[in-house]
Amino acid sequence: MAGILKLNAISPLADPVFAGYEYGDNVKDPVGVMVRSAAMADFETGKNLLAVARAGAGTNNIPVADYAAKGIVVFNTPGANANAVKELVICELFLGGRKICDAIDWVKTIKGEGENVGKLVEKGKSKFVGCEIAGKTLGVIGLGAIGIMVANAAKALGMKVIGADPYLSTHNALMLDPSVEIVADNAEIYRRADFITVHVPLNAQTKGMFNEATLCACKDGVVIINNSRGELVVTEDILKALQTGKVGRYITDFPSAELIGAPNAVCVPHLGASTPEAEDNCAVMAAKQLKDYIENGNIVNSVNYPAVSAAREGRARICVCHKNVANMIAQFAAAVSAKGINIANMQDKAKGDYAYGIIDIDGEADGQLLAAIAAIDGVIKVRAL
């Protein structure tokens, strides 16, 4: 019986997906791994491991590139927790406009004042005057599943919304409220937005994207909301901007020692996807993607291999993880033809340095054929289904 290892507590709604598998937190030499936040840098990958499914969007806890080189497909679940994050962002828009957290903390200081509480409240509330978000301009950086939902919800609350995303797909563009203005780049958002929320992955291009230069380009008193990754913001620079008032408030789901307690910094303890609904959605989506790859070789929502899916044709299916180099498809076809077998269907796509192929054949995928494909220079992993 094939095994699926759980490295974290995973919603029990994923359990029925793995009916027929050994599924738990003590599985030896698994074919698949389900994970949320567990660090996998030192995880020992067995020879049978085919894939890792992250029940969430971020994969910083997984050595994605190393796994690609081993032919281990890494999945994530974009959009499964989008509504949970959207709702937190909407809450944070109000926290950014109104000094709600400061006011709540102050009220706690007058707990023992008895009958004077009412008078003290009326006298002290002027210190916590804020602004309404209606009519203000929200800049959304990154218009994926979460960014789209945030933009549409902010429009419904009466905000003007502008968005930037160099990778905006036609599908996502059609999902946006038609009155959301798409701008050419982030610089336009820095220049015009009263509130900025960022929804991009952490990579070499986005790390430190909020720094002294970009913060200086923003409107005075801008509110910045970061529920993506702490490293998108240079902490030293945001603290200086908070001190000078250049940034009116910085709200983040990724606290750090330097930010906690800093004036006008609101630190939320990574609650973006911390709802039972989001955890259920992520778990089921991750489980289904993992099972489909193990049983059918289909790849959907991988961060290190391309999306390749096909309905089964022929008698057998061969799945190949390989390097993205020239002449691979021709060599696969030649290896199958040398066995006198017809190819019923073939799909092969690339993503960066790596590629993935599905070959459906009208014959048997025996050991000799698999060995011939495995011997092709650039092939990383081959299996038959």
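Numerical summary
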| read-out | value |
| --- | --- |
| Options N296, N304: the member that is under 20 Å from the mean Cα position of the chain (by Cα) and under 20 Å from V31 (Cβ atoms) | N304 |
| Residue list for the range 259-283, filter: crowded, with 20+ Cβ neighbours inside 10 Å, in contact with a helix residue (DSSP H, G or I) (Cβ under 8 Å, 6 or more places away or on another chain) and in a helix (DSSP H, G or I) | A278, A283 |
| Positions within the range 197-220 being within 19 Å of the chain's Cα centre (by Cα) and β-branched (V, I, T), in sequence order | T197, V198, V200, T206 |
| Failed item, numbered, when K125 is tested on (1) closer than 25 Å to F210 by Cβ; (2) part of a helix (DSSP H, G or I); (3) at pLDDT below 95 | (1) |
| Residue satisfying condition, being more than 18 Å from I299 (Cα to Cα), among the basic types (K, R) and out of contact with any Asp or Glu (no Cβ under 7 Å at 6 or more places or on another chain), within set R54, R36 | R36 |
| Every residue from the range 347-363 that is over 15 Å from I373 (Cα atoms) and either in a strand (DSSP E or B) or without any contact (Cβ under 8 Å) to a residue 24 or more places away in the chain (or both) | Q347, K349, A350, K351, Y354 |
| Single unsatisfied condition, R317 versus (1) in contact (Cβ under 8 Å) with a residue 60 or more places away in the chain; (2) under 24 Å from L5 (Cα atoms) | (2) |
| Any chance T45 is under 17 Å from Y305 (Cα atoms) and among the β-branched types (V, I, T) | no |
| Enumeration of residues in the range 286-298 that are open to solvent by less than 50 Å² (accessible area, probe 1.4 Å) and more than 22 Å from R229 (Cα to Cα) | A287, Q289, L290, D292, Y293, I294, N296, G297, N298 |
| Residues that are within 19 Å of V223 (Cα to Cα), surrounded by fewer than 17 Cβ atoms within 10 Å (Cβ to Cβ) and of a type in the set (K, R), drawn from the range 124-139 | K127 |
| Selection status of Y293, farther than 22 Å from K86 by Cα, assigned to a loop (DSSP other than H, G, I, E, B) and in contact (Cβ under 8 Å) with a residue 40 or more places away in the chain | no |
| Extreme residue, least open to solvent (accessible area, probe 1.4 Å), among residues of the range 320-346 that are over 23 Å from G3 (Cα atoms) and assigned to a strand (DSSP E or B) | H322 |
| Counted residues, the range 206-253 - those being basic (K, R), touching a helix residue (DSSP H, G or I) at 6+ places or on another chain (Cβ under 7 Å) and either open to solvent by less than 30 Å² (accessible area, probe 1.4 Å) or over 23 Å from P166 (Cβ atoms) (or both) | 2 |
| Residues located in the range 303-318, provided they are buried (at least 23 other Cβ atoms within 10 Å of the Cβ) and in a strand (DSSP E or B) | I318 |
| From V17, V73, V35, V85, residue being open to solvent by less than 70 Å² (accessible area, probe 1.4 Å) and without any contact (Cβ under 8 Å) to a residue 60 or more places away in the chain | V35 |
| Filter result (outside any loop (DSSP other than H, G, I, E, B) and either touching a strand residue (DSSP E or B) at 6+ places or on another chain (Cβ under 9 Å) or modelled with pLDDT under 95 (or both)) within the range 50-71 | A51, V52, A53, R54, V64, Y67, A68, A69 |
| Number of the exception - V266 against (1) at pLDDT 95 or above; (2) out of contact with any Asp or Glu (no Cβ under 9 Å at 6 or more places or on another chain) | (2) |
| Among (1) among the aliphatic types (A, V, I, L, M); (2) within 27 Å of the chain's Cα centre (by Cα); (3) modelled with pLDDT of 95 or more - the single one A134 does not satisfy | (2) |
| The range 1-14, residues that are touching a residue at least 40 places away in the same chain (Cβ under 8 Å) and of a type in the set (A, V, I, L, M, F, W, C) | A2, I4, I10, L13, A14 |
| Enumerated helices (runs of 4 or more DSSP H) restricted to the range 140-205, each holding at least 3 residues that are open to solvent by less than 60 Å² (accessible area, probe 1.4 Å) and out of contact with any Leu (no Cβ under 6 Å at 6 or more places or on another chain) | 145-156, 186-192 |
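The values are calculated or read from the model by the stated rules, or taken from the named source; none is laboratory data. Computed from a prediction, not measured in an experiment: that's the story for all the values here. With ideal geometry, Cβ positions are generated from the backbone for all residues, glycine too; neighbour counts draw on all protein chains shown. Heads up: the accessible areas ignore ligands, DNA and RNA and are worked out on the full protein's heavy atoms, side chains in. Shrake-Rupley method; radii C 1.70, N 1.55, O 1.52, S 1.80 Å.
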